[in-house]
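The values are calculated or read from the model by the stated rules, or taken from the named source; none is laboratory data. Every value quoted in this text rests on a predicted model; they were computed, and no experiment measured them. Every residue, glycine as well, gets a Cβ built from its backbone with ideal geometry; the counts of neighbours run over all protein chains shown. Accessible surface areas use protein heavy atoms only, side chains included; no ligands, DNA or RNA. Shrake-Rupley method; radii C 1.70, N 1.55, O 1.52, S 1.80 Å.
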Amino acid sequence: MGIRKFAMIGALALAGVSLFGLAAKAEDVTLTLWSLDKDIQPAPNLVKEFNAQNNGIKIEYRLIQFDDVVTEAMRAYATGQAPDIIAVDNPEHAMFASRGAFLDISDMIKGSSVIKPDNYFPGPLKSVEWDGKYFGIPKATNTIALYYNKDMFKAKGLDPNKPPQTWDELVEDARKLTDPAKNVYGLAFSAKANEEGTFQFLPWAQMGGGGYQNINAEGAVKALETWKTIMDEKLASPDTLTRGQWDSTGTFNSGNAAMAISGPWELDRMSKEAKFDWGVALLPVPKEGAERSSAMGDFNWAIFSSTKHPAEAFKALEFFASQDDKMFKNYGQLPARSDITIPATGEKLKDEALKVFIEQLKYAKPRGPNPQWPKISKAIQDAIQAALTGQMSPKDALDQAADKIKAVLG
């Protein structure tokens, strides 16, 4: 996901029913599928390819807006008008599954020769699970890592082949790279008071031994203290508190930040815009040898439990999964599968970066899964803002967030 990117796409999209499948024969089974993918993205094209098989199943595609996915889908389910299949943002999957809205497809998966749980990265697979069962399959995935400007590293006497490995090294390098006279900050990231802020901070908390269920763990507090040091020393722009990932990474591309925490959705733009030598490294860890983590974005496929055609809907999911090896080549999205090798693009910097992102995916963890994720995430967002603006200490802010989350979880 990048979250920001998908939000932009969704905001521009107009809801409507396509004509895909409307010419189905009377005896064909007709399914409906909802997604926010536009015509250059996977869902509508996969629908076209599936319908072209003429296998007795036709899919009608509906494009919906990003902000409407949850509310409209739950309303449709409650009124008996839900689609057969939907693509849903991975942290929202548990909410639908826990309410019985999504179909348990565990047994279907057991009997499938196409969908194999062992083929998926652990993080994306975990996001479709609820109560030990599978309520969907990952559609695609993404994560975040550290971009860095090798030319700036050289200019400041840093080894361009040795990006920071630990939090302390990241801060120290950011200090050396920050150059107010040239309007260059050491680091660009997003601490915005929305899901993007949680998306970027949660991996730090997890690497520190915390998580949403113990967001005030000692290591998580250390993570937020590190962020506050970066902000207090002006190693990152004050706009970090209000800017999303897309805009913050733009400052890296323009040469106004020496490092940036962002995802693979930036690769095409960076290849075109960045007029310098750059590289990508795994997210720094609290200390050498510490457990790694990273954010995990993008969407999952799910079948609504109200469908009248569960077998046919699962066949559609099997077809989509069979096309995962084309996900990056055709749409620039990373498949959620560890058994798929992404072909080289022929662009050296991009290919080297992709290897790092694939490695980072091994450590990516889902947000949740928990049906109350929006409230949990809001508590984390509030803590980040309170700490970085000086309203509360990082410890007090995360203690407050932990209390809010505890109340939500019951």
For segment 178-273, go through all pairs of different Cα atoms, get the mean of 1/r, take its inverse, and jot down that Kirkwood value in Å. 13.8
What order, most packed first, do the peptides 30-38, 174-182, 131-139, 63-71 have when packing is the mean number of other Cβ atoms within 10 Å of each residue? 30-38, 131-139, 63-71, 174-182
Any idea which of T240, G209, L46 is furthest toward the positive side of the dipole for the chain, if Lys and Arg beta-carbons carry +1 and Asp and Glu beta-carbons -1? T240
Length gain on complete extension for the stretch K326 to D28, per 0.36 nm per residue less the alpha carbon to alpha carbon distance? 104.5 nm
Stretchable slack from A78 to E218, in nm (0.36 nm times residue separation minus alpha-carbon distance): 46.2 nm
Please give me, ordered by residue number, the GluC sites (Glu not before Pro) of segment 260-357 that lie in loop per DSSP and have at most 11 other Cβ atoms within 10 Å. E288
Highest GNM mean-square fluctuation among F320, F153, F276, for the chain with Cα springs under 10 Å, belongs to F276
Can you work out the base-10 log of I(q)/I(0) for segment 338-410 at q = 0.22, 0.25 1/Å, using the Debye formula on its C-alpha atoms alone? -0.89, -1.04
Quote the charge dipole size of segment 88-211 about the Cα centre in Debye, to the nearest 20; the model charges only the Cβ of Lys and Arg (+1) and of Asp and Glu (-1). 300
Ignoring ligands, DNA and RNA, please state the percent of accessible area on the chain from carbon and sulfur, probe 1.4 Å. 50
Solvent-accessible heavy-atom area per residue, rounded to whole Å², over the chain at 1.4 Å: 41
Go ahead and set up a Gaussian network model of the chain, Cα springs under 10 Å, then flag whichever of M296, M231, M108 fluctuates most. M108
If you take every residue apart from S293 with its C-beta less than 11 Å away from the C-beta of S293, what net charge results, scoring Lys and Arg +1 and Asp and Glu -1? +2
Considering only the chain, percent of DSSP beta bridges that pair antiparallel, nearest 5: 65
Quick one: length gained pulling T229 to D247 fully straight, 0.36 nm per residue minus the C-alpha distance? 4.3 nm
Residues in segment 332-349 near a label at D118, defined as backbone nitrogen under 20 Å from the 7 Å Cα→Cβ point? 336-341
Contact order relative to length for the chain, counting C-alpha pairs under 8 Å separated by 6 or more residues, stands in percent at 25
With +1 at each Lys and Arg Cβ and -1 at each Asp and Glu Cβ, the charge dipole magnitude of the chain around its Cα centre, to the nearest 20 debye, comes out at 200
With the dipole of the chain defined by +1 on each Lys or Arg Cβ and -1 on each Asp or Glu Cβ, the option from I105, A407, G157 whose Cα lies farthest towards the positive pole is G157
Under 29 Å between alpha carbons - lysine pairs in segment 214-313 that sit 8 or more apart or on different chains: 6
Whole Å is fine, so just give me how far the alpha carbon centre of segment 137-168 lies from that of segment 282-343. 24
Compute the convex hull volume of the Cα atoms of the chain, divide it by the residue count, and report the result per residue in Å³ as a whole number. 135
